[in-house]
Amino acid sequence: MALLKKRKTDPADPAGGAAADLVEVGPAEATTGNARVTAGKGRPTPTRAQARAARPRGATGAGRTRATGKEGRRQQRSERREQSQQYRAAMLSGDISRLPPRERAPERVIARDFVDTRLNVGPVFLLIAAVYFVGGLVPNDYVRLSATYLMLVGIVAVVVDSFVLGRQVTRLVAEKHPDSGVRVRAYSAQRALLPRRWRMPRPRVSRSGR
């Protein structure tokens, strides 16, 4: 390393002129404060790879965040599973207070109760569909033709019954909730297609309306 030269001034010479001698000094004396800080540090600055290697595992904030996120997702799945079990128990019991918010809507409660109090064509249509399926397996043209006609009659009956049911339910809901925007036609028609024991939520009224 090259040495720098520094002018040494004689105290007797106020101008610091010709009596000054030149002495050789090292770079630590001739450099600025930045070099002094580096000299006092005593070791080179570590690279980014060295800093990452020296960092203890699990001490980063990202690692803690990932661990917390996994634990949070696990807890959310557990809560959803528990809530689903509670909803299913409520659907089986017919308890309105524990049903999902969508099923607790007053309009849907009215539609369900109305469907459960009337005789619907839907369960009969399921029997007709079963007869049609079995009739198609019989190697007899007369049986197949009869099953086809019976199926057509069942389809027409279901369509007419669903139309009448939709009008009745809509009128009943409009009388009690005139400003409601909840649609109950398709909901009531789907419920009317199933036998009484298959309906969810379970019926809470009898066919007589009690």
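The values are calculated or read from the model by the stated rules, or taken from the named source; none is laboratory data. Note that this is a predicted model, so its numbers are computed, not measured. Counting neighbours? That spans all protein chains shown, and the Cβs are built from the backbone with ideal geometry, glycine included. Ligands, DNA and RNA are excluded from the accessible area calculation, which covers all protein heavy atoms including side chains. Shrake-Rupley method; radii C 1.70, N 1.55, O 1.52, S 1.80 Å.
Shown in residue order for the stretch 83-88 are the 3J(HN,Hα) couplings computed by the Karplus curve 6.51 cos²θ - 1.76 cosθ + 1.60 at θ = phi - 60°: 5, 5, 5, 5, 5, 5 Hz (x for Gly and Pro).
Shown in residue order for the stretch 124-135 are the 3J(HN,Hα) couplings computed by the Karplus curve 6.51 cos²θ - 1.76 cosθ + 1.60 at θ = phi - 60°: 5, 5, 4, 5, 5, 5, 5, 5, 5, 5, 5, x Hz (x for Gly and Pro). Simple point charges give the picture: +1 on the Cβ of Lys and Arg, -1 on the Cβ of Asp and Glu, and for the stretch 66-210 a dipole about the Cα centre of about 700 debye. Accessible surface of Arg104, taken over heavy atoms with a 1.4 Å probe and every protein chain present, rounds to 100 Å². Couplings 3J(HN,Hα) for the stretch 100-107, derived from phi with the Karplus relation 6.51 cos²θ - 1.76 cosθ + 1.60 (θ = phi - 60°), are x, x, 5, 7, 7, 4, x, 5 Hz, where x marks Gly and Pro.
In percent, what relative contact order does the stretch 112-210 have, based on Cα pairs under 8 Å that are 6 or more apart in sequence?
Numbers: 84 pairs, mean separation 48.6, N = 99.
In percent, rounded to a whole number, it is 49.
Along its first, second and third principal axes, ordered by size, the stretch 133-210 spans 56, 23, 20 Å in Cα coordinates.
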